[in-house]
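To keep things clear, I will list the structure first and then write my remarks on it.
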There are 2 protein chains.
Amino acid sequence: MRIALLQADPTVGDLAGNAERLLSLAHQAHVAAADIAVTTELAITGYPPRDLLLSPAFVAAAEERAAALPVPLPMLIGTPLRPDEDGQRPMNGVLSVGNGKPRRAYAKQLLPTYDVFDEARYFHAGRQPGLVRGAGGMDLGVTVCEDAWQAAGLTPAAYASDPIAHLAALVRQDVALHATVNLSASPFHHDKREDRLHVARTAAAHLGHPFLLANQVGGNDDLVFDGASIVAWPDGRAVLAPAWSEGVLVVDLNRPEEACWLPSEAHDALRVGLGDLVHLAPGEAPRNDDNGLEALANAVVTGLADYCRKSGLERIVLGLSGGIDSAVAACVAAEALGPDAVHGLAMPSRHSSQHSRDDARWTAEALGMRFSEIPLTTLHDAAEQDLGAVLRSGHAVAAENLQARLRALLVMGHANAEGAMAIATGNKSELAQGYCTLYGDMAGGYAPLGDLWKMEVYALAEHFNARAVAVGKPAPVNDSTCTKPPSAELAPGQVDEDTLPPYPVLDRILRAHIEDGLDRARIVEAGDDPDVVRDVLARLGRNEHKRWQMPPAPRVSRRAFGQGWRMPLAGRHDWRD
Amino acid sequence: MRIALLQADPTVGDLAGNAERLLSLAHQAHVAAADIAVTTELAITGYPPRDLLLSPAFVAAAEERAAALPVPLPMLIGTPLRPDEDGQRPMNGVLSVGNGKPRRAYAKQLLPTYDVFDEARYFHAGRQPGLVRGAGGMDLGVTVCEDAWQAAGLTPAAYASDPIAHLAALVRQDVALHATVNLSASPFHHDKREDRLHVARTAAAHLGHPFLLANQVGGNDDLVFDGASIVAWPDGRAVLAPAWSEGVLVVDLNRPEEACWLPSEAHDALRVGLGDLVHLAPGEAPRNDDNGLEALANAVVTGLADYCRKSGLERIVLGLSGGIDSAVAACVAAEALGPDAVHGLAMPSRHSSQHSRDDARWTAEALGMRFSEIPLTTLHDAAEQDLGAVLRSGHAVAAENLQARLRALLVMGHANAEGAMAIATGNKSELAQGYCTLYGDMAGGYAPLGDLWKMEVYALAEHFNARAVAVGKPAPVNDSTCTKPPSAELAPGQVDEDTLPPYPVLDRILRAHIEDGLDRARIVEAGDDPDVVRDVLARLGRNEHKRWQMPPAPRVSRRAFGQGWRMPLAGRHDWRD
C-alpha cells in the first residue's frame, strides 16, 4: 500500500520535456517500491497551459504522450483529454496508465474560474466520480485540485456539486476505497499551506480514509507553485513534503511515520531552501515562527530561477543603486542563478550620494557577483544638450526620467552584448503608485520584487542577511541601505516621502484596497488620513501613459492585482460613480 | 411603433459619464418621437468591464444608476444585475425603465467564453426567455449579443439552449410580439459586419418579426467596436447604421424606408469616417469594393482617438524615420487628434539616408503637424564611449538596439516635457518576429499599427494618400516611402530582407499560423519553403527577453494573437512535442 506523489516542476507546453521529467520521477518511485505513482494536475502540459488548450492538436498530442509513457509502475497522470463530442471543450483529466490498457480514469468536475483561474474558458466539466480499481493493488478515489476545496468551504462561491461528498456517500454505500488522491496545481500565497492542509484533513475526515494531494512546484508564467504535497489521515495526522523542491513523496498508507522524500535526480531539478518532511499530529499546525518570510524568500527565488531556466536565460544584469530594492533583487538573483551569473552596474549621476556608491559596491562584493561602475556624467550631459530647451520649458519629471532611462540604456546595452537578461528591481508599492520610470527602472525581462510590498522588501533584506551570516558569509545588504531614508536620487535632496506617504502607511492603504477590496470610505473609517487615502488611490495604476508595462513577477500575495498586471488600461482600477 | 437604437460609445468603469451619455442619446430619440429606446450591452458600465465585475459594490452601483436614470421615454438598458442569491455571480442583464417601476427584463443566457470573451468568469447565465410587455405600447422579445449567434451557426461550439429558437417557439404558441431586440457589444474584425447582418436576418426569419441589434461603438481596452447597428425584417430587408460614429438609429417597424440616423450631440462624440445609413434589399450584401480598407483605416483611427480621449491624453509624439510604418502611424495620429496635436521627431543617425530624412519631413509637412529634427550624433557618440568595450566584444545587436533606444529616450523626453503620449509605430509582422527593439521603437503608450500585418500598412498608406488627395491635400506618404526596400537603418546598408523573408511571404506564413492555426507541416504543404517557414515560426514570440512588452493596439484582425498580447511568456506560442 505504498503510494508515490510525483511533485514535479513541468514547463508549460514542453510535452516531451515534461514526459521525460515524469518518467524520471516515476523510476525513483519504482525503486522506492511504490505500488502506484500519482502526478500533479495537467502534469504533461504544465499548469496553466491557457490558450494552448484551444489547439485540438495540442490536446491530442498531450493525451497521446501521456498514454504512451513507458511507465515502470502503475500511474495516474494529469492530462487534458480530447472532447467526447464535436463542438465540446476538452476535459481536465486523469489517465490510468500501466494498469492494463491506458484508460481515462476521471475528468475534473469543479472548474475554478476566478482570480488566476479561467478553467471554464478551456474545459468541459466531468460529471462522474473518479474511481480506479486495482491499480497497484488498490482501489482509489480520484479528484483534481478544486474538486476537494468545496468540502472545506474555501471556494469563493458554491458549486452545484461536491465531489468529496459524493465519494463519501459512495463509501457509506459500501464502495470500499483504500485512499483518495488529488492531482493539484495550487499556486502559492501567504498561508496557502495552511489552507491546503485544511482541505486535505477535511477530505480525509469526510471520506474516512487517507487523502493524498500531489502539488505542482516551480514557476510558470506569472504563477509560482510551492509544492508541499500532503498526505492526511482521517484522524488528523498529516505529512507534508518539502516546498520549493522537485521530488517524490512515498507514503505507506498504514505507516505514516515511514513516509520518505526523494529529491529529484534530474540534473536541472528545482531545489530551493531546506527540504525536510514535516510530520504533524492530529490538530497540529505547521510551524510558522518567521511570519512566512522564509517562504516568501524562497518563492521569489523560485520564480526567477524557473523563469530563467525555462526561458533559456543563464545570466542576469541589474542596476545597483545602493538602495534597498536593488540590493534585495541582487540577493534574489545571486541565489537563483549563482553569483557568478549576475552582473551589477552602479551608474552614479551628479545626484548620487557617496553612501549609495559605497552601498552598491558592498552588496556586490558580499554576494561575490560581478560589479562595474559607469558614471553617468558624459551621457547625461550629452542628453541634456540635445533635450535642453525641451527640459527647461516642460514638466520637471522629464529630467528625472531621463536619468532613469539612461541607466536602462546602459543596463540593456550590457544585457544585449552579454546575452543576459536585465531585471527590473521595483516593488509593488512604488509600481502601484507610478513612482517609477517607464523604460527606465521599469525596464527588464522580469521583476523579482514586483509582487512584494515595500515593507516586505525590507523584511527580506534582513532575512537574506541572516541567511548569509548563518553560513559564515558577510551580510549582503549594508546597514545604511536598510536605515537611510528611501530616495530615487533623481533630483538634489529628493526623498520618496516628498511624494509618497511613509511606506508603512502606503502599504497599509494599498493592501486594504487591493487585497481586501476596500474603497476610500472604508479605508478612512479604519483610521487613515482622508487626504492621504485620496492621493494614494488617485495615483493607483497611473504612469505617464496611464498604463503599466510591467515585467512579470511571481504572484506571491494573497490577492494579486488580478488582471491588472496583465492589461491594465485607463479605468481598470478606478471606476467612478 | 418607432424604436430607437442607442449606438453609444461608453467608457469602461465610468458609470456617471455613461449615464449622462445614454440620457443625451435618449433625449435625441425622444425628440424624434421614438416610442422606446434600446441601449447596447452593459451600456452603463461599458464593455468589457472585466474584473471590475468582481466587485459587488461596482455591480450594485451600476444597476442602481441604470434604474435611477430619469429617462424621457421607456428604455431597455444593458447593465449587470446583482445576484439573486448569496455566492452567485451577477447577471449580464437588461433593465426596463420608464415603463412603470424599473424592473429586470432579462438576463443573458449564452455567455461567450472564448477568444476575447470571458463571460463565464463573471456572469451567472439566465434561463428565462426575455419578454417585455407594453413598453412604449409594444410587446418585445429581448436578447443580448451572443444569444442570437447560436441560431446563425456562428458560435465556435454549440450551447445547450438557443434563445432565438425558444422565442420563435413562443411566437408559434401565439405569444404575440412586435419585434425582438438585441443589446450587443460585438467587436470589429474583417467581415464582421457581414457576419452580424447574417445573424440579424437569420433571427428575423426565424422569429417572423423585425430583429433590432444595437451595437456598441468605439474603443475600450484592446477592443474596438464598429457600431453599425442593424434592423432586419423577416423578408430579408435590412437597415445598417453608420459605423465608427455615436448616434441614434430610429426605425418605424412598418416603414423601413423611413429609418433615420441622428448623430450624437455630445460635444466629444466619436465621429470617424462618413456616416450614411445603408438600406439593403432582401439578399443584398453591403458594398465592399475596397477589400475592407476604409473600415480598417477607420478602426485604427477610432482605436487611437478613443484611447486618448478616455485616458485624458491630448497630444502625441512619435518618431518619424521616413519609413512606411511611422508615416502611416502619423496619418492615423493626425486623423485621430488633429495634426496640431501631433509632434513628429526625425532623429537621423550616421546610418540614416538622405531620402529618409526627406521623406520624414514630407509626411510631417503634408499632414500639417509639428516637426523637429534632432541628429543623434552627440548622444550616439557619448553612449558608444560609455559602452565601447562592451559593444565591441558582445553581440552586434547591442549596437543596433542602442540607436533605437536613444531615439526612444528623445521621444519620451519630449512626451514627458510636453505632457504628451509617445506612440510606437511597429506593425504586427515585425513585432511577431521580434524585429524591433524593446524600450526602443517598441516604446510608446499605444501602437496604432500593432495589430496590422505589414502589407496592410502598405495598403493603408495608399488609402490615406487617396483620402488626402480626394479633399485637395497633398498625399502624406511619399512615393519613395512606399517603394524603397524596407530598412531599419541601424547598420550600414541594412535592409529588412537581410533577416526576414519578403513581407508578402512573411505575412502569408504568419497569417496561416496565427489566424488559421496551421502548424509548420500544414504551412509547408500549402507551398511555402520549409526552411523559411521553420525560421519564421522559430522567431515567433521572441525578443531579447523572450517576452513582449507591447503597447496596446486595437484588435482589428479576424483572430488576434489571443492571450499572446496580454501575457506572452516562454512557451506560449511554441509548444513542443
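The values are calculated or read from the model by the stated rules, or taken from the named source; none is laboratory data. Computed from a predicted structure; not experimentally measured. No Cβ is skipped: glycine too gets one built from the backbone with ideal geometry, and neighbour counts run over all protein chains shown.
Observations on the structure shown:
- Note on the range A:145-160: residues that are more than 14 Å from every other protein chain (Cβ to nearest Cβ) and either without any contact (Cβ under 8 Å) to a residue 24 or more places away in the chain or out of contact with any Pro (no Cβ under 9 Å at 6 or more places or on another chain) (or both) amount to 1.
- For the range A:396-405, a residue qualifies if it is surrounded by fewer than 18 Cβ atoms within 10 Å (Cβ to Cβ) and facing chain B (nearest Cβ under 7 Å), and exactly one does: A:Val397.
- Selection status of A:Leu183, in contact with an Asp or Glu (Cβ under 7 Å, 6 or more places away or on another chain) and either part of a loop (DSSP other than H, G, I, E, B) or not hydrophobic (A, V, I, L, M, F, W, C) (or both): no
- When A:Tyr106, A:Tyr122 are checked against the criterion of being within 28 Å of A:Ala33 (Cα to Cα) and crowded, with 19+ Cβ neighbours inside 10 Å, A:Tyr106 stands alone in meeting it.
- Put simply, of A:Ala404, A:Ala422, A:Ala398 the only residue that is out of contact with any Ser or Thr (no Cβ under 6 Å at 6 or more places or on another chain) and part of a helix (DSSP H, G or I) is A:Ala398.
- Residue in the range A:257-265 that is touching a His at 6+ places or on another chain (Cβ under 8 Å), over 30 Å from A:Ser356 (Cβ atoms) and either surrounded by fewer than 13 Cβ atoms within 10 Å (Cβ to Cβ) or more than 14 Å from chain B (Cβ to nearest Cβ) (or both) present: yes
- Extreme residue, farthest from the other protein chains (Cβ to nearest Cβ), among residues of the range B:128-144 that are in a loop (DSSP other than H, G, I, E, B) and at pLDDT 95 or above: B:Pro129
- Any hit, the range A:364-379, residues being closer than 30 Å to A:Gly218 by Cα, touching a residue at least 40 places away in the same chain (Cβ under 8 Å) and at the interface with chain B (Cβ under 10 Å from one of its Cβ atoms): no
- When B:Asn99, B:Asn92 are checked against the criterion of being under 28 Å from B:Tyr307 (Cβ atoms) and out of contact with any His (no Cβ under 7 Å at 6 or more places or on another chain), B:Asn92 stands alone in meeting it.
- When the range B:25-64 is filtered for residues that are facing chain A (nearest Cβ under 9 Å) and under 20 Å from B:Ser184 (Cα atoms), the ones remaining, listed by number, are B:Thr45, B:Gly46, B:Pro49, B:Arg50, B:Asp51, B:Leu52, B:Ala62.
- Pair list, Cβ < 8 Å and 6+ apart or interchain, from the range B:309-320 residues that are free of Cβ contacts under 8 Å to residues at least 60 places away in the same chain and more than 7 Å from chain A (Cβ to nearest Cβ) to residues that are in a helix (DSSP H, G or I) and of a type in the set (S, T, N, Q): B:Leu320/B:Ser326; B:Leu320/B:Thr363
- Of residues in the range B:1-24 being assigned to a loop (DSSP other than H, G, I, E, B) and within 10 Å of another protein chain (Cβ to nearest Cβ), the one nearest to B:Val239 (Cα to Cα): B:Thr11
- Test result for B:Ala475, in contact with a helix residue (DSSP H, G or I) (Cβ under 9 Å, 6 or more places away or on another chain), outside any loop (DSSP other than H, G, I, E, B), within 17 Å of B:Val332 (Cβ to Cβ) and at pLDDT 90 or above: no
- Members of the range A:380-395 that are facing another protein chain (nearest Cβ under 7 Å) and either of a type in the set (A, V, I, L, M, F, W, C) or on the phi > 0 side of the Ramachandran plot (or both): A:Ala382, A:Ala383, A:Leu387, A:Val390, A:Leu391
- Looking at the range A:291-371, the helices (runs of 4 or more DSSP H) lying wholly inside it that each contain 2 or more residues that are closer than 30 Å to A:Gly493 by Cβ, under 24 Å from the mean Cα position of the chain (by Cα) and small (Gly, Ala, Ser) sit at A:324-337.
- Pick from the range A:204-226, criterion within 20 Å of A:Ile164 (Cβ to Cβ) and in contact with a Ser or Thr (Cβ under 7 Å, 6 or more places away or on another chain), ranking: surrounded by the fewest Cβ atoms within 10 Å (Cβ to Cβ): A:His209
- Screening A:Arg104 on (1) touching a residue at least 12 places away in the same chain (Cβ under 8 Å); (2) within 12 Å of chain B (Cβ to nearest Cβ); (3) touching a strand residue (DSSP E or B) at 6+ places or on another chain (Cβ under 8 Å) shows it passes everything except condition (2).
- Filtered residues of the range A:61-112 (kept if assigned to a helix (DSSP H, G or I) and more than 28 Å from the chain's Cα centre (by Cα)): A:Glu64, A:Ala67
- Checked against (1) under 28 Å from A:His166 (Cα atoms); (2) touching a residue at least 40 places away in the same chain (Cβ under 8 Å), A:Ala26 passes all but a single condition, namely (1).
- Within the range B:242-265, the set of residues being touching a Gly at 6+ places or on another chain (Cβ under 6 Å) and either charged (D, E, K, R) or in contact (Cβ under 8 Å) with a residue 40 or more places away in the chain (or both) comprises B:Ala243, B:Trp244, B:Ser245, B:Leu262, B:Ser264.
- Residue-level check: of (1) buried (at least 19 other Cβ atoms within 10 Å of the Cβ); (2) closer than 27 Å to A:Val477 by Cβ, A:Ala382 misses just (2).
- Lone unmet requirement of (1) free of Cβ contacts under 8 Å to residues at least 12 places away in the same chain; (2) of a type outside the set (A, V, I, L, M, F, W, C); (3) assigned to a loop (DSSP other than H, G, I, E, B) for B:Pro486: (1)
- Evaluated against (1) away from chain A (no Cβ under 14 Å); (2) surrounded by 24 or more Cβ atoms within 10 Å (Cβ to Cβ); (3) in a loop (DSSP other than H, G, I, E, B), B:Asp441 falls short on exactly one condition, (1).
- Residue within the range A:449-464 that is part of a loop (DSSP other than H, G, I, E, B), touching a strand residue (DSSP E or B) at 6+ places or on another chain (Cβ under 6 Å) and crowded, with 19+ Cβ neighbours inside 10 Å present: yes
- Taking first residues from the range B:406-419 that are facing chain A (nearest Cβ under 7 Å) and partners that are assigned to a helix (DSSP H, G or I) and among the β-branched types (Val, Ile, Thr), the Cβ contacts under 7 Å between residues at least 6 apart in sequence or on separate chains come to B:Gly413/A:Val390; B:His414/A:Val390; B:Asn416/A:Val397; B:Ala417/A:Val390.
- Condition check for A:Tyr435: within 7 Å of chain B (Cβ to nearest Cβ) and under 26 Å from the mean Cα position of the chain (by Cα): no
- Among residues that are surrounded by 24 or more Cβ atoms within 10 Å (Cβ to Cβ) and more than 14 Å from chain B (Cβ to nearest Cβ), A:Ala333 is included.
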